[in-house]
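The values are calculated or read from the model by the stated rules, or taken from the named source; none is laboratory data. Just so we're clear, the structure is a prediction, and the values are computed from it rather than from any experiment. Because the Cβ atoms are built from the backbone with ideal geometry, glycine has one as well, and the counts that use them run over all protein chains shown. Just so you know, the surface numbers come from the protein's heavy atoms only, side chains and all, with ligands and any DNA or RNA stripped out. Shrake-Rupley method; radii C 1.70, N 1.55, O 1.52, S 1.80 Å.
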Amino acid sequence: MLLAKMEVFIEAVMSQRRAQAISDADFEQLSAQLEQSPIGDRSVRIATAAQFCFFTSLQGTTLMGTVDNTFDKMDVAVALHHRLIDQTEFATLLCCLECQEDRDNVWHRILASKAHKQPVCPSC
């Protein structure tokens with residue numbers, strides 16, 4: 001019974017993410033805009049797009065490839081973490097980073113941002 005409820009919940013979340021997924025045409029347009037943008041501005045543009053759309057991990061990997069600076073790649077990974085339709089494939093984005101230290105840094109930033117956003121327990 002609990003497993004069935006979890007499956008229903010997960011499917012509802014996935015349906016909602018798929019409904020908010022960036023369309024192929026919009027992704028192509030975003031990719032074209034990124035190619036025309038200065039390299040230093042791309043991570044900010046990706047983070048902005050991530051506020052409004054969900055992406056597949058394949059699209060996320062493509063977006064990671066548009067930035068060449070390690071710090072920008074880490075910013076993109078953090079921005080896309082909670083905006084992936086298939087979050088179980090987040091590791092594919094981490095593979096775009098050069099070393100384990102960079103991957104650890106991304107996880108640290110993700111965990112720190114989640115801890116920062118946690119609501120305060122009213123009964124505490």
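Okay, here's what the table says:
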| item | result |
| --- | --- |
| Whether the range 8-124 is rounded, prolate or oblate, judged on the alpha carbon gyration tensor where a/c under 1.5 counts as rounded | oblate |
| Carbon plus sulfur fraction of accessible area for the range 17-119, probe 1.4 Å, in percent | 54 percent |
| Surface per residue (accessible, 1.4 Å probe) for the chain, Å² | 65 Å² |
| Mean ellipticity per residue at 222 nm, deg cm²/dmol - from DSSP H runs of n ≥ 4 across the chain, formula -39500 (n - 2.57) | -20500 deg cm²/dmol |
| Relative contact order (percent, whole number), the chain, Cα cutoff 8 Å, 6+ residue spacing | 23 percent |
| Loop sites in the range 35-124: GluC sites (Glu not before Pro), DSSP, at most 12 other Cβ within 10 Å | Glu98 |
